[in-house]
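Comments concern the structure below.
The values are calculated or read from the model by the stated rules, or taken from the named source; none is laboratory data. This one's a predicted model, so the numbers in the text were calculated from it and none came from an experiment. Quick reminder, even Gly has a Cβ in these numbers, built from the backbone with ideal geometry, and neighbours come from all protein chains shown.
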């Protein structure tokens, strides 16, 4: 896909910037936007120049005001003229969930720079991102119960892991708007920033990763922390991290990491996620990987 109409995709050195771009609609989410973000993620994962991806919204009012329920937004399950009775039908799948599952699969670290209101899918799409920064004027809303529906985008899996079950229950059951200070206090966001400093702060974090770390190490670390932390016994994590340590300790990146440390110089890691991921990655595709 090229010629995006509802997002912008820009490269700034090792950082890809994805900007939700429907300013006249407060960057409201559509099926087109979903497809464009997924395509942008495919671009970022396939480009070894990209070491991190930053997400933000156009303007200073909204990151994303939720799903666009108007005809202009492409329709929605609320107003589907051809309802599906078979719940296993592919058409039943939630578009927000399609997006968050793709973000979850990313090989690159994902950083949200939430520049304003983030409601519904505007909030839930940020949950699989690895770090969330917010403007001090940002607000979040898991408003589904106030619309007669339920949390989507796999947020029932992501949100309790980030803020704890009691907070997730309260936020989703009340559906109230959460200000930036509460989001920070409960761990939804990492830090708050003045609007005009938000994007620079997100880029500084992205470049700290890009300048100092191995791309392969980061990709493996991201996959391990997201997946292994929810397993039922630490032995299951031990099996994967043992394999990862064994393989990566013999890599060119490991040699460079040690040499640059001993020589007190910045590292220049040669390995790439397109060519040097460990031979057992992705381990979760194997039914008996444990």
_Residue in the range 229-239 that is assigned to a helix (DSSP H, G or I) and buried (at least 18 other Cβ atoms within 10 Å of the Cβ) present_ = no
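Kindly establish whether residue 225 is surrounded by 14 or more Cβ atoms within 10 Å (Cβ to Cβ) and modelled with pLDDT of 95 or more. Quick ask: steps written out before the conclusion?
Values: surrounded by 14 or more Cβ atoms within 10 Å (Cβ to Cβ): no; modelled with pLDDT of 95 or more: yes.
No: the conditions fail for residue 225.
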*For residue 91, all conditions in the list (1) more than 23 Å from the chain's Cα centre (by Cα); (2) in a loop (DSSP other than H, G, I, E, B) hold save one; what is the number of the exception?*
(2)
*Quick one: how many residues across the range 16-37 are touching a residue at least 12 places away in the same chain (Cβ under 8 Å) and either over 14 Å from the mean Cα position of the chain (by Cα) or farther than 23 Å from residue 203 by Cβ (or both)?*
15
*Which of (1) out of contact with any strand residue (DSSP E or B) (no Cβ under 7 Å at 6 or more places or on another chain); (2) under 20 Å from residue 106 (Cβ atoms) does residue 236 not meet, given it meets every other one?*
(2)
_Whether any residue in the range 231-251 is free of Cβ contacts under 8 Å to residues at least 12 places away in the same chain, more than 22 Å from residue 46 (Cβ to Cβ) and in contact with a helix residue (DSSP H, G or I) (Cβ under 8 Å, 6 or more places away or on another chain) is what I want to check._
yes
*Scan the range 248-257 and give yes if some residue there is exposed (fewer than 12 other Cβ atoms within 10 Å of the Cβ) and either at pLDDT 95 or above or not assigned by TED's automatic domain parsing to the domain that holds residue 279 (or both), otherwise no.*
yes
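How many of the residues making up the range 258-290 are assigned to a loop (DSSP other than H, G, I, E, B) and surrounded by 10 or more Cβ atoms within 10 Å (Cβ to Cβ)?
The qualifying residues number 15.
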